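Just below is one structure, and these are the notes that go with it.
The values are calculated or read from the model by the stated rules, or taken from the named source; none is laboratory data. As the structure is a computational prediction, the values presented were derived from the model and not from experiment. No Cβ is skipped: glycine too gets one built from the backbone with ideal geometry, and neighbour counts run over all protein chains shown.
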Amino acid sequence: MFGILKKYELFLFTFLYWLVSFVILFYCNGTGAEADSINHYLYSKYAFYHPELLLNHWAKPLFTLISAPFSQFGFIGIKFFNALCVYFASIFTYRIAKQLNLKLPILALLFYFIFPISFTTTFSGFTEPLCALVLSFSIYLFQQKKILSTAILVSFLPFIRSEGLLFIGVFGLFFLYQKSWKAILFLGIGHLAYSIVGFLHYEDILWVFTKIPYAYLSSHYGSGSLFHFAEKLNYLLGIPLLIFFVLGMLRSVARFGSNQLSIKLISLLFLVFFIAHSLFWYLEIFNSMGLKRVFAAVSPLMALICLYGFNLLQNIQHPTIKKVSISIGIAITLIFPFTSNPAAVDWNDLNRTTAQQNAILVAEFIQLNSIRFERLIYTDPYLCEVLNFDPFDSNKSQLLANKKKTIPISKIIVIRNYQFQYIPISSQEKAKVLHPSLQPNDLVIWDNWHSVVDYGVQAEDVAHLELTKEFILGASVYKIYLYQPKVNP
């Protein structure tokens, strides 16, 4: 029986993965999270209508290009795209584990599949799943000794996630160690290609560097403990897998002097990623927000390290104790993510938030009452989706803050050609930029989260407008107000 299971293990995993994925895709209506998930989707959805979005550094050009066809089918389209990315990333993770001669390689797929962080990021508009796919494929090619192909693929990672620059550095060290001089040169192909293409739009051959939205030695999101991400690892992996992960890291460090280049590469890629993000958050640089979801980009690495630690159970000499230990370890690991535990999967993350439910009520109210308007003035990006308004067409929609965003350190971010530029202003000047030039056919939608937190627009700032409707939903008292400008007769 176990022989049959082993023979068809990949087929069984594929069946299980897509069974669960399609249930979530069609029965869970969330976006994985708000803000960035929705905004990445909107960039992807409207890229064919506004080609300049395909060169937007924040949105990540390669992610936008590849995901755009899927986004034309709505948010479920980009969730399906990310599910595809995670599936193929898990397949490459499995093949890497087999090439490393790790026992029970199928567990690498299952570990990846049941990470709590995987559920939130897979069924979202985030860029992490595509990064995980390209990263795992790169390691697989490296194992196959296809060095130039590896270098070319890795060179495009910064255009999926900014951390791709870190990955280029790590792969560069390994190519240097192998004296693969041509491969080191090929690591620049991605930047060269996008520099040339982007020059036609930006008229700046160095736009791939000058337009990086995180290239600031400061952050308005604050800072935290140097051990912030170390403390969050249990929420990324779940407690049982965290134990195997720590064992795997200790084992890989202890055997770093071995001849296995692949396990060195995997452990070093993760360590550089982990240390970098810990420092970014601690030093308050590069606009780090201390978000644990960024580690979904290196989920294949974490799954392999977990399996590397789990394989220590194979060293138990007593055959009965060995079988019992492995069976118990597998059972606890697979069951834990689905228990009611803070470090387990939070199914609420797969459904719409209170804010999104309220946005749908707003859309239904507008439709039922035949409220006509030509331009949407808003701050909640989900409103663009439910009202089917193009957020990149200034004739159709505009941010309530007149394309200016206030932040707690007395600066504003001016969005010019959808790029961020920091400009210091005084508190007196700040008061002058809260509203766009309103027109009679505008519909202003203010909410007490996005408007206040993201754009600094308080309720009193729009009180002079004519209130059309007030929506209040949820225990957290999430509010949305609909206003229309008062028109003088």
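One table, with the values for the structure above:
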| item | result |
| --- | --- |
| Set L135, L206, L107: member being under 25 Å from the mean Cα position of the chain (by Cα) and within 22 Å of W58 (Cα to Cα) | L135 |
| Qualifying positions in the stretch 332-378 - within 24 Å of F22 (Cβ to Cβ), among the charged types (D, E, K, R) and in a loop (DSSP other than H, G, I, E, B) | D346, R352 |
| Options L5, L12, L84; residue that is surrounded by fewer than 21 Cβ atoms within 10 Å (Cβ to Cβ) and modelled with pLDDT of 95 or more | L84 |
| Breaking point among (1) buried (at least 19 other Cβ atoms within 10 Å of the Cβ); (2) under 22 Å from G32 (Cβ atoms); (3) modelled with pLDDT of 90 or more, for P337 | (3) |
| Residue check for L387: of a type outside the set (S, T, N, Q), over 17 Å from Y49 (Cβ atoms) and in contact with a strand residue (DSSP E or B) (Cβ under 7 Å, 6 or more places away or on another chain) | no |
| Qualifying residue in the stretch 69-78 (condition: crowded, with 24+ Cβ neighbours inside 10 Å, closer than 30 Å to S252 by Cβ and at pLDDT 95 or above) | no |
| Residues located in the stretch 340-372, provided they are surrounded by 14 or more Cβ atoms within 10 Å (Cβ to Cβ), of a type outside the set (A, V, I, L, M, F, W, C) and more than 22 Å from D36 (Cα to Cα) | N341 |
| Residue tally, condition in a strand (DSSP E or B) and either modelled with pLDDT under 85 or not aromatic (F, W, Y) (or both), over the stretch 433-480 | 16 |
| Subset of the stretch 282-328 (residues that are aromatic (F, W, Y) and either closer than 29 Å to F92 by Cβ or without any contact (Cβ under 8 Å) to a residue 12 or more places away in the chain (or both)) | F286, F295, Y308, F310 |
| Residue match in the stretch 52-70 (condition: in a helix (DSSP H, G or I), under 30 Å from Q260 (Cβ atoms) and more than 14 Å from the chain's Cα centre (by Cα)) | no |
| Qualifying position, being without any contact (Cβ under 8 Å) to a residue 40 or more places away in the chain and either on the phi < 0 side of the Ramachandran plot or buried (at least 21 other Cβ atoms within 10 Å of the Cβ) (or both), among K103, K179, K146 | K146 |
